[in-house]
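Please treat every number below as a calculation from the coordinates, not as lab data. Just so it is clear, the model here is predicted, and its values are computed rather than measured.
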Amino acid sequence: MVDNVAKLSEIEKASPEVQLAVDLIYLLESNHISLEIALAAIKIVEKDLQQQLHKKRHK
């Protein structure tokens, strides 16, 4: 239990992108998403976010 509290404390101190990554990993694992499906979905999300960022920068 103490180890979990220490890990949680470390995560709370981490950068927002690390906190989000931990949340996403938990979401994928808790829903039993296969590694192949998870990686394919992440590639789609990355492409979409890159397109949104490009549009935002070129307004």
If you work out Rg and Dmax of the Cα atoms in Å from the coordinates, which of (1) 17.2, 46; (2) 27.8, 90; (3) 15.3, 50 do you get? (3)
Lys pairs in region 2-57, Cα-Cα under 25 Å, at least 8 apart or on separate chains: how many? 4
Starting from the Cα-Cα distance between Asp48 and Val22, subtract it from 0.36 nm times their residue separation and give me the gain in nm to one decimal. 7.3 nm
Using only Cα atoms, find the angle between the long axis of helix 16-30 and the longest principal axis of the chain, and express it within 0 to 90 degrees, rounded to the nearest 10. 80 degrees
Helix 2-13 against the longest principal axis of the chain: what's the angle in degrees, Cα atoms only, rounded to the nearest 10? 30 degrees
